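First up is the structure itself, then whatever we jot down about it.
Just so you know, all these numbers are worked out from the coordinates, no wet-lab data involved. All values derive from a computational prediction rather than experimental measurement. Positions of Cβ are backbone-derived with ideal geometry, glycine not excepted, and every protein chain shown enters the neighbour counts.
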Amino acid sequence: MKPFGQRLAGALAHRGPLCVGIDPHPRLLADWGLTVDVDGLETFCELCVEAFDGVVAIVKPQVAFFEVFGSAGIAVLERTVEVLCSSGTLVLADAKRGDIGSTMDAYARTWLSSDSPLCSDAVTVSPYLGFGALAPALDLAAETRRGVFVLAATSNPEGAQVQQARVADGRSVAQVMVDEAAVRNAGADVLGSVGVVVGATLTEAPDLSALHGPILMPGVGAQGGTPDDVRRLAGDQLRAVVPNVSREVLRAGPSVSALRDAVARTVDGFAFLQA
Ligand SMILES: O=C(O)c1cc(=O)[nH]c(=O)n1[C@@H]1O[C@H](COP(=O)(O)O)[C@@H](O)[C@H]1O
């Protein structure tokens, strides 16, 4: 298996630059005419798989919306991840994990170890216990040829309190996270496997020019970010940018063809990224 960064670059080139979120909000379940319980969750995911599998470059299930249903919800997540991964659609588990030592190691094994029932192609992680605390995930991802997306500058306004704070050399904390990720990507062929998350809602992005890894940009659509914002924030890194859209696409459901049309329209709006 090729490293995640190379697989992602290939998928973006072939299927278009888009990460679609599977975010089974209670509101969306109701709008789709589904019950807000595990049965509704399961049907929602089956329809998402039918609509997105083999169509979009990368799918991002938001783990929180599965955990809220306890073990039965996790079982739905396991099945969803398994179906997508086994057919070759890349899966980014949005778990935003971050802890220390052996606990981080357990999180890493959950999402990145081939023998885990939740094993995905990549996972989101939070570096706000210190970038170095992420080493178990970064090391395991390198070993299993999977990926990690590190939260750098998030789409929510509260993030700035921590992420825009300055360290002693004057860089923002968000910039430090990007620079640390860049160290991990040094020498990678095509695109490194350590990505960063930069919200499409921001007025300014950290300097991404040396990252050599994927840049996930959530916040498009429901949170107010637009393709023009993505273009502005991406700078000269257009080919590394992966916009994430969740509600804006999911609102088109439950019709599978309407979901696919929404994906096609969204991908068209981002054609400039891979031009
Ligand atoms: O890591 C993420 O994906 C993420 C980071 C961030 O800064 N902002 C952000 O919205 N997200 C996630 O991206 C998705 C955005 O959903 P929509 O606002 O519905 O498109 C949610 O699953 C969020 O948890």
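Tabulated data for the structure shown
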quantity: At least 27 Å along the helix axis (C-alpha) and Kyte average at least 0.0, DSSP helices within the chain; calculated: none
quantity: Length released on extending from ILE100 to ARG166, taking residue separation times 0.36 nm less the Cα-Cα span; calculated: 21.4 nm
quantity: Per DSSP, loop GluC sites (Glu not before Pro) in region 141-210 with at most 15 further Cβ within 10 Å; calculated: GLU204
quantity: Alpha carbon convex hull of region 217-274, projected area averaged over orientations, nm²; calculated: 3.6 nm²
quantity: Within the chain, helix-based [θ] at 222 nm, where runs of 4 or more DSSP H residues each add -39,500 (n - 2.57), nearest 500; calculated: -12500 deg cm²/dmol
